[in-house]
Every structure is written in C-alpha cells, then in structure tokens.
Amino acid sequence: MSGKIVTIAQQKGGSGKTTIAAHLAVAWARRRGRTVAILDIDPQGSLGEWLEARERRLGEDATGLGFRTASGWGSRHEANALARDYDYVLIDTPPKAEQDARVAMDVCDLIVVPVQPTPVDLWATKATLKVAAGEDTPAILVVNRMPSRARLTGEMIEALREFGPATASARLGNRVSYAASIGRGSTVIEDVPRSRAAEEIDALAEELLACLRA
Ligand SMILES: Nc1ncnc2c1ncn2[C@@H]1O[C@H](COP(=O)(O)OP(=O)(O)O)[C@@H](O)[C@H]1O
Ligand SMILES: [Mg+2]
C-alpha cells in the first residue's frame, strides 16, 4: 500500500509553507506514530536547513523523519518512491515556480494552501488555486498568522468562502513561537507542548488526517 502525499503550495512567499510543512511532519510522526518523509523541492532549501539544525540538536538518526530534495520532473519520481516507504510524504514547494509546483500538485492526494488573511495573499491564493484546479487534486486552505483581533481578518475569511476549496477550521495564530522553534530545528509541539500554538498544530494535523481518510 502506498502512503499519502500532501503538497504545501502557495505562490506567495512567506505565507508559511515551510513552517507548516515542518510542524505537520513532526505532529504526524511524533504524536501519532506514523512514518513521515519530507520532500523539499524549493531550491532555497529552508526545510533542509531546519532538518540540519534538527540533526545537530537530536542526532542524525533521531530526527524521526525521512528527507529528500528534488526539482522539476524528479519531484514526481521522488514523491512516489517515498510514498512506497512512508505513511505520509509532505512536499514543500517554492513560491512562483509554477511548473515545479504543478508537478507536486499533480502527484499528491491533497494540496494544503496556507493563506495569511491579507488582500495581497488572497490574490496569490486565487492564482495558486487555479493551478490546483488544473491538476484535479483536492485542496484545503489553511489560515496562517491570524492576528488576535482585526476586523479585516473576518472579512478575509468571509472572502475565502468564495474560493471553492474549504478552509480548515483549525487556524494558526501569529505567534513568535513558530518562528523561534523553526530556527532551532524544532517545532512548537516539542518546545512549548502546552501552548496555544501546539494546540493549533495538533488540531490542524488531526483535521488534515481526517481529510486524507475521507
Ligand atoms: N503562524 C506564524 N506566526 C508567526 N510567524 C510565522 C508564522 N508562520 C510563519 N511565520 C514566519 O513567517 C516567515 C515565512 O514563513 P515560511 O514558513 O518560511 O513561509 P514560506 O515557506 O511560505 O515562504 C518566517 O519567518 C516564519 O517564521
Ligand atoms: Mg518556504
């Protein structure tokens, strides 16, 4: 049986793709005992840096995650190969590399699109979803960096309803702990397990697993 492939895609840089990929990987692997591999197809290699920091902290064999990089058409082959060995494969994609992202959106079972609740992010999301629709793969929007109170956010979330794909009910707040943990090669689940941030990730990880089972 083949594992499930999840692609994190959003043409807008800085939307939280890498942050969410790292957190979901650890959430699924640590909390639920699944085997998880990360496939980084972003030439910037942020997730690779995160993993290196993780190896320095935990030891090379103790990260609990598989890791590969690929580009272009190689992504499809690599993703399918990983799916034979792991329960879940998470693909982190570059912004703006439409062709590479397209391959990743085609090969996967679910596309996760992080969206910050700002007008500019909404425009980029439309473009990302257009590619996703072309590949005929189900997509789900994840609101990231929710400010604690802002009228704009409510309006944005309302606007997302018209986009087609559902918006995950689990949302991630704008919290320094996410950035701090990533910098240490860690996650909020490990660093601040009883925080709101850890709860948010847990809820998102659970909701996406349910999507994959459906
Ligand atoms: N929920 C969040 N709260 C606070 N900072 C965040 C959050 N998500 C992402 N960030 C920060 O935003 C920046 C961009 O995130 P990143 O995951 O690298 O985006 P992308 O991979 O889409 O370019 C990083 O500095 C990251 O630490
Ligand atoms: Mg990134």
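FYI, it's all coordinate maths here, none of it is from the lab. Quick caveat, the model's predicted, so the values are computed rather than measured. Glycine gets a Cβ as well: all are built from the backbone with ideal geometry, and neighbour counts include every protein chain shown.
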Along its three principal axes, how long is the chain when you only count alpha carbons? Whole Å, largest extent first please. 46, 39, 32
7 Å from Cα along Cα→Cβ at both Asp136 and Arg194: what's the point-to-point distance in nm? 5.1 nm
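Which of Lys4, Lys17 comes first, and how do the rest follow, when ranked by fewest Cβ neighbours within 10 Å?
Lys4, Lys17
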The exposure ranking of Met146, Met1, fewest beta-carbon neighbours within 10 Å first, is Met1, Met146
With label points built 7 Å along Cα→Cβ from the Cα atoms of Ala166 and Ala210, find their separation and express it in nm. 0.8 nm
Give me the distance in nm between label points sitting 7 Å out from Cα along the Cα-to-Cβ direction at Arg184 and Arg149, one decimal. 3.1 nm
Sort Trp50, Trp28 so that the residue with the fewest other Cβ atoms within 10 Å of its own Cβ comes first and the one with the most comes last. Trp28, Trp50
Once the Cα gyration tensor of region 80-161 is diagonalised, what are the square roots of 5 times its eigenvalues, in whole Å and ordered largest first, as equivalent ellipsoid semi-axes? 27, 14, 11
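Near Ile8, within a Cβ-to-Cβ distance under 11 Å, what is the net charge of the other residues, with Lys and Arg +1 and Asp and Glu -1?
Summing Lys/Arg as +1 and Asp/Glu as -1 gives -2.
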